[in-house]
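Readers should treat all values here as calculations from the given coordinates under stated rules, not as data from a laboratory. Note that this is a predicted model, so its numbers are computed, not measured. Ideal geometry is used to build each Cβ from the backbone, glycine not excepted, and the neighbour counts take in all protein chains shown.
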Amino acid sequence: MSVTEVAPAKLNLALHVTGQRPDGYHLLDSLVVFAAAGDKLTLDAGPLSLSVDGPFASGLDEDDNLCLKAARLAGGQAAIRLTKTLPVAAGIGGGSADAAAVLRGLARMGVPIPDATERLGADLPVCLAARPARMRGVGEIIEPVPEMPDLRLVLVNPRVEMPTPQVFSALQRKDNAPLPAMPDRFDLPALVAYLQTCRNDLEAPAITLCPQIATVLRELRDAGALLARMSGSGATCFGIFTDASAAGLAAYRIGAAHENWWVTATGLAPPPQPV
Ligand code: C5P
């Protein structure tokens, strides 16, 4: 038996840091969506193993990977092949999205999804759902959100890996307001207007560690983004564009001006296959 799962890029359209637990983990309130751009995982019956290929395979530790930890937590066996097309340490889920895809794949092979998946990573529960959601707590509270419009996005990463704990440490205020109440419906203008009342609280501290993020945001805005913001702890930023041709043109222009950056025009991911 062989199953294939996509691990879509997680995007924090808004991320407010609302507090900190005694163990140091931060309380978040985040509106999360998933982009069609993603890693690919194939699971074949057999003893547990992992091989990684794809443009961002180098540097990943195949022996100490979250995919293997996820399979062990589930008690599942499979030969896992991961095709890494998303940059790593990039604020778009990465290891959590891959590990969640392993758990979804194992579930389709008959291995139940384990409890307390947030122990594998704060983004694991939302990546398991892989559909638009509000994420609270340290990531363990996942709530439904109004249906999203068909977003046309450009994702840009300046090819700088961000150390998530250092970004949180550089945060000045940890007691920010939660997300404002959401409207009943999000068409594109309503979503953009809503997001303009929100922030990513990690953006400013990430820029102090990686000033190129400010350049990425400026390039997205100059290219016509209705809204440009960093995702997670960075350094990937997203721009929301009016339509696919505006997004495609912006991606082309930004990519041509910065050949070493990772730039992709994408939409929202379809919901995952039922398990
Ligand atoms: O859970 P994950 O491994 O993705 O988190 C990486 C690091 O990010 C944690 O060790 C912690 O320093 C920080 N973090 C946090 N609060 C969160 C999520 C992550 O402080 N809610």
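Please list, in chain and number order, the residues 5+ apart from residue 226 or on another chain whose amide H is under 5 Å from its amide H, with Hs placed from the backbone.
When sequence neighbours closer than 5 places are left aside, the close amide H contacts are 240, 241, 242.
Can you give the charge dipole size of region 152-266 about its Cα centre, rounded to the nearest 20 debye, using +1 on the beta carbon of Lys and Arg and -1 on the beta carbon of Asp and Glu? Don't skip to the end; give the middle numbers.
Working: 10 positive and 10 negative charges, 20 e Å.
The calculated dipole for region 152-266 is roughly 100 debye.
Size of the dipole of the chain about the Cα centre, Lys and Arg at +1 and Asp and Glu at -1 on the beta carbon, nothing else charged, in debye to 20? All intermediate terms of the calculation are to be shown ahead of the outcome.
Values: 23 positive and 28 negative charges, 50 e Å.
Its charge dipole is roughly 240 debye.
Quick one: helix 244-257 against the long Cα principal axis of the chain, what's the angle to the nearest 10°, folded into 0 to 90?
Compared with the principal axis, the helix lies near 90 degrees.
List, in order, the whole-Hz ³J(HN,Hα) value for each residue of region 155-165 obtained from phi through the Karplus relation with A = 6.51, B = -1.76, C = 1.60 and θ = phi - 60°; use x for Gly and Pro.
Values, residue by residue: 9, 9, 10, x, 6, 10, 7, 9, x, 3, x Hz.
Helix 212-222: angle to the longest alpha-carbon principal axis of the chain, degrees 0 to 90, nearest 10?
Tilt of helix 212-222: around 60 degrees.
Calculate, axis by axis, the spread of Cα positions in region 86-196 along the three principal axes, and write the results as whole Å, longest axis first.
On the principal axes, region 86-196 reaches 42, 34, 29 Å in Cα extent.
For a footprinting-style exposure proxy, rank 253, 81 by other Cβ within 10 Å, fewest first. Display every interim value, and only then the final one.
Numbers: 253 16, 81 19.
Going from sparsest to densest Cβ surroundings: 253, 81.
For a quick size check, give me the Cα extents of region 2-143 along its three principal axes, largest first, whole Å.
Dimensions of region 2-143 along the principal axes of its Cα atoms: 43, 30, 25 Å.
Name the residues whose placed amide hydrogens come within less than 5 Å of the amide hydrogen of residue 200, ignoring near sequence neighbours (fewer than 5 apart) on the same chain.
Close amide H contacts, sequence-distant or interchain: 15.
Using helices alone, what [θ] at 222 nm do you get for the chain, with -39,500 (n - 2.57) per DSSP H run of 4 or more residues, divided over all residues and rounded to the nearest 500? Please report the intermediate quantities before stating the final value.
Details: 8 runs with 75 residues, N = 275.
Rounded to the nearest 500, the figure is -8000 deg cm²/dmol.
Name the long-range amide H neighbours of residue 48: under 5 Å, sequence gap of 5 or more, or other chain; modelled H, no Pro or chain starts.
Those lying under 5 Å, H to H, from residue 48 are 78.
Would you mind working out the magnitude of the charge dipole of region 1-102 relative to its Cα centre, with +1 at each Lys and Arg C-beta and -1 at each Asp and Glu C-beta, to the nearest 20 Debye? Display every interim value, and only then the final one.
On the way: 7 positive and 11 negative charges, 40 e Å.
So the magnitude is around 200 debye.
Could you give me the ³J(HN,Hα) list for region 105-118, computed from phi with Karplus coefficients 6.51, -1.76, 1.60 and θ = phi - 60°, whole Hz, x at Gly and Pro?
x, 4, 4, 5, 8, x, 9, x, 6, x, 7, 6, 5, 5
Among the lysines, select those whose C-alpha is under 21 Å from the C-alpha of residue 40, and discard any that sit fewer than 8 residues away in the same chain.
Leaving aside lysines fewer than 8 places away in the same chain, those within reach of residue 40 are 10, 69, 84.
What is the Rg over Rh value, at two decimals, for region 8-68, using alpha-carbon atoms and the Kirkwood definition of Rh?
Working: Rg = 16.4 Å, Rh = 15.0 Å.
Here the Rg-to-Rh quotient is 1.10.
Place +1 on the Cβ of every Lys and Arg and -1 on the Cβ of every Asp and Glu in region 2-143, take the dipole about the Cα centre, and give the residue among 122, 133, 102 whose Cα lies farthest towards its positive end.
133
Pick out which of 192, 216, 156 has the largest mean-square fluctuation in a Gaussian network model of the chain, springs linking Cα atoms closer than 10 Å.
Greatest mean-square fluctuation among the candidates belongs to 192.
From the phi angles alone, apply the Karplus equation (6.51, -1.76, 1.60; θ = phi - 60°) to region 4-13 and give each ³J(HN,Hα) in whole Hz, x where the residue is Gly or Pro.
10, 10, 9, 10, x, 5, 8, 10, 8, 5
What is the order of 236, 18, fewest Cβ neighbours within 10 Å to most? Before the final figure, lay out the partial values.
Working: 236 29, 18 18.
Placing the least packed residue first, the sequence is 18, 236.
At 37 °C and a viscosity of 0.692 mPa s, what translational diffusion coefficient does Stokes-Einstein give for the chain, taking Rh as the Kirkwood radius over Cα pairs? Give it in µm²/s as a whole number. Don't skip to the answer; put the middle values down first.
Numbers: Rh = 18.8 Å.
In µm²/s, the coefficient rounds to 175.
Ignoring the sites themselves, what is the longest stretch of the chain with no GluC sites (Glu not before Pro) in a DSSP loop and at most 12 other beta-carbon atoms within 10 Å?
Working: sites that count: 147, 259.
Counting at most 12 other Cβ atoms within 10 Å as exposed, the longest clean stretch of the chain is 1-146.
Any idea what diffusion coefficient region 152-266 gets from Stokes-Einstein, in µm²/s, Kirkwood Rh on alpha carbon pairs, 20 °C, 1.002 mPa s?
Numbers: Rh = 14.8 Å.
Once the numbers are plugged in, D ends up at 145 µm²/s.
Within 10 Å of each residue's Cβ, count the other Cβ atoms and sort 56, 238 from fewest upward.
Working: 56 18, 238 28.
Result, fewest neighbours first: 56, 238.
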